[in-house]
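Below is one structure, written out as structure tokens; comments come after it.
What follows is calculated from the coordinates using simple rules that are stated; it is not laboratory data. Remember, it's a predicted structure, so these values are computed and weren't measured experimentally. In this analysis, Cβ positions are derived from the backbone assuming ideal geometry, glycine residues included, and neighbour counts consider all displayed protein chains.
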Amino acid sequence: SAVISQKPSRDICQRGTSLTIQCQVDSQVTMMFWYRQQPGQSLTLIATANQGSEATYESGFVIDKFPISRPNLTFSTLTVSNMSPEDSSIYLCSVDGWLAGGFAYNEQFFGPGTRLTVL
Amino acid sequence: DAKTTQPTSMDCAEGRAANLPCNHSTISGNEYVYWYRQIHSQGPQYIIHGLKNNETNEMASLIITEDRKSSTLILPHATLRDTAVYYCIGLEGSNYKLTFGKGTLLTVNP
């Protein structure tokens, strides 16, 4: 399995600013995903981040608003740019394809989430 | 991926089996049935998945009907810590993008 940490765990930001969320995994993984969970709602996939390639964004999400980096097999960042109150959500990263003797798939592991409030 | 339908909420007594149903009548032959749960203020947790056969692991059992149009997740001895939102997700084997619906809020009562 994989242990995933996210920083910060929560933040309160002013509108118009940007916040970068970090996701660190304790083992190498091939795929990393970023989700958003708006208050009282289910999770929505923002993008898929595979090391060595550009992130792939889902409909309704664009790179200018949510730039993503994936510099290696254990780390990724999501930036929420030019924030507005509508961006207040929990942002979660998840991983699949973790190294355990070989890369195993089919079980996504999720981080604890970053709770963002935009004033 | 198949659209799934789950009850909005269910209650279960502590120590009893919790049976959570899911309808996925449009599921295709190569789509797996996945179950995740999200305990309040935590990230989702993988529970189990299956294609055709019934599956069991240390957390739960998954019963899939022969026509694959529905399934049931069984928590054999529910505890208070099993109170969570449970998500049933249909997913093709080559696709790793999870589409979360509204899920079922399971409340385990003492």
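For A:Ile21, nonlocal amide neighbours, meaning residues 5 or more places apart or on other chains whose placed amide H falls under 5 Å from its own, are A:Leu78, A:Thr79, A:Val80.
Determine the equivalent ellipsoid of the stretch A:1-41 by diagonalising the alpha-carbon gyration tensor, then write out the semi-axes as square roots of 5 times the eigenvalues, largest first, rounded to whole Å.
Numbers: eigenvalues 115, 35, 19 Å².
After diagonalising the Cα gyration tensor, the semi-axes are 24, 13, 10 Å.
Residues in the stretch B:6-11 carry Karplus couplings, in order, of 10, x, 5, 8, 8, 10 Hz; the curve used is 6.51 cos²θ - 1.76 cosθ + 1.60 with θ = phi - 60°, and Gly or Pro positions show x. In percent, rounded to a whole number, the relative contact order of chain A is 37, using alpha-carbon pairs under 8 Å and six or more apart. Remark on chain A: A:Cys13 stand apart, with no other cysteine beta carbon under 4.7 Å.
Stokes-Einstein, applied to the Kirkwood radius of the stretch B:1-89 over Cα pairs at a viscosity of 1.306 mPa s and 10 °C, places its translational diffusion at 120 µm² s⁻¹. Close amide H pairs (under 5 Å, H built 1.01 Å from N) link B:Glu14 with B:Asn109, residues at least 5 positions away or on another chain.
Fewest-first ordering of A:Leu43, B:Leu51 by other beta carbons within 10 Å of each residue's beta carbon gives B:Leu51, A:Leu43. The length gained by stretching the chain between B:Gln45 and B:His77 to full extension, at 0.36 nm per residue less their Cα-Cα distance, is 9.7 nm.
I'd like the Kirkwood hydrodynamic radius of the protein assembly as shown, using the inverse of the mean 1/r over distinct C-alpha pairs, in Å. Show your work: numbers first, answer last.
Details: mean 1/r = 0.0545 Å⁻¹.
Result for the protein assembly as shown, one decimal place: 18.3 Å.
Shown for chain B: cysteine residues without a partner Cβ closer than 4.7 Å, namely B:Cys12. Overall size of the stretch B:1-41 from C-alpha positions, given as principal axis extents largest first: 36, 23, 17 Å. Ordered by residue, what ³J(HN,Hα) values in Hz, to whole numbers, does the stretch B:32-39 give under the Karplus form 6.51 cos²θ - 1.76 cosθ + 1.60, where θ = phi - 60° and Gly and Pro are x? Running phi through 6.51 cos²θ - 1.76 cosθ + 1.60 with θ = phi - 60° gives 8, 9, 10, 10, 10, 9, 10, 6 Hz. A P(r) calculated from all alpha carbon pairs of chain A, with 10 Å bins opening at zero, reads 15, 48, 30, 7, 1 percent.
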